[in-house]
Amino acid sequence: MKQFSDEARSGLVWLPEIGMGRYPVTRTHRPYDEEYFSRYQAMADTGMGRQLTAARIQLVARHYHGPLLDVGIGAGQFVEARPNTRGFDVNPAGIDWLKQRGLWADLYRDRYPALTFWDSLEHIDRPDVAVAKAGRFVFVSVPIFEGGDHVVRSKHFRKSEHIWYWTHEGIINWFASQGFMLAEHNVIESDLGREGIGSYAFVRV
């Protein structure tokens with residue numbers, strides 16, 4: 001029983017009834033630093049990177065026009081490309097980048113009419129606390145899985161970064177439990193060449 005108990009504490013726990021799983025990423029092993037930021041800068045400065053940013057801007061524009069906060073800015077490409085957008089990050093390099101441009105905002109200190117989480121919701125210890133800061137809209141891109149077996153086979157099973165894992169129905173139901181309904185779902189990021197990414201717009205009810 002010790003092996004089972006140890007794995008339950010330190011390994012992936014997948015709950016098929018709710019289509020959701022958790023892996024306990026330790027804070028000491030998280031790779032958020034200048035090298036991480038630079039790697040995302042290189043990815044953003046490609047044809048696919050620019051197409052992804054454009055697709056994200058278009059997703060937001062179909063539902064909302066106004067100020068928003070981008071949570072987990074990657075290399076800041078979305079914040080730079082969309083007017084009236086500020087950013088929040090936990091990577092010191094990302095925080096410095098935002099503050100140098102006067103674009104930093106503290107997610108947890110205020111509420112915002114709209115939040116975006118491009119490849120970031122799965123990194124956050126308490127995503128429920130994060131999305132609660134949205135007054136109206138939340139926009140998300142996130143890896144989507146068929147089940148726990150799919151998670152452990154996937155390139156998106158990142159033990160130093162990704163805490164949360166969802167199925168398609170799982171993330172919709174999770175947002176419903178936070179007080180949001182689905183406004184749009186698409187797979188444009190997968191169509192552009194990424195593996196298994198879903199994009200979502202949620203609106204508060």
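The values are calculated or read from the model by the stated rules, or taken from the named source; none is laboratory data. Owing to the predicted nature of the structure, the values given are computational and were not obtained by experimental measurement. Because the Cβ atoms are built from the backbone with ideal geometry, glycine has one as well, and the counts that use them run over all protein chains shown.
Some values worked out for this structure:
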item: Filtered residue count, the stretch 87-137, keeping only those that are buried (at least 19 other Cβ atoms within 10 Å of the Cβ), among the charged types (D, E, K, R) and over 22 Å from residue 185 (Cβ atoms); result: 1
item: Residue ID - surrounded by the most Cβ atoms within 10 Å (Cβ to Cβ), chosen from residues in the stretch 138-177 that are of a type in the set (Ser, Thr, Tyr) and farther than 21 Å from residue 73 by Cα; result: 167
item: Residue match in the stretch 164-172 (condition: modelled with pLDDT of 95 or more, in a loop (DSSP other than H, G, I, E, B) and polar (S, T, N, Q)); result: yes
item: Hits in the stretch 179-201 (condition: part of a strand (DSSP E or B) and not acidic (Asp, Glu)); result: 180, 181, 182, 183, 185, 186, 197, 198, 199, 200, 201
item: Helices (runs of 4 or more DSSP H) enclosed by the stretch 42-153 - at least 2 residues per element that are touching a helix residue (DSSP H, G or I) at 6+ places or on another chain (Cβ under 9 Å) and of a type in the set (D, E, K, R); result: 47-61
item: Those residues of the stretch 169-178 which are touching a strand residue (DSSP E or B) at 6+ places or on another chain (Cβ under 6 Å), closer than 23 Å to residue 61 by Cα and touching a residue at least 40 places away in the same chain (Cβ under 8 Å), in sequence order; result: 175
item: Count of the stretch 17-68 residues which are without any contact (Cβ under 8 Å) to a residue 60 or more places away in the chain and either more than 23 Å from residue 202 (Cβ to Cβ) or not β-branched (Val, Ile, Thr) (or both); result: 25
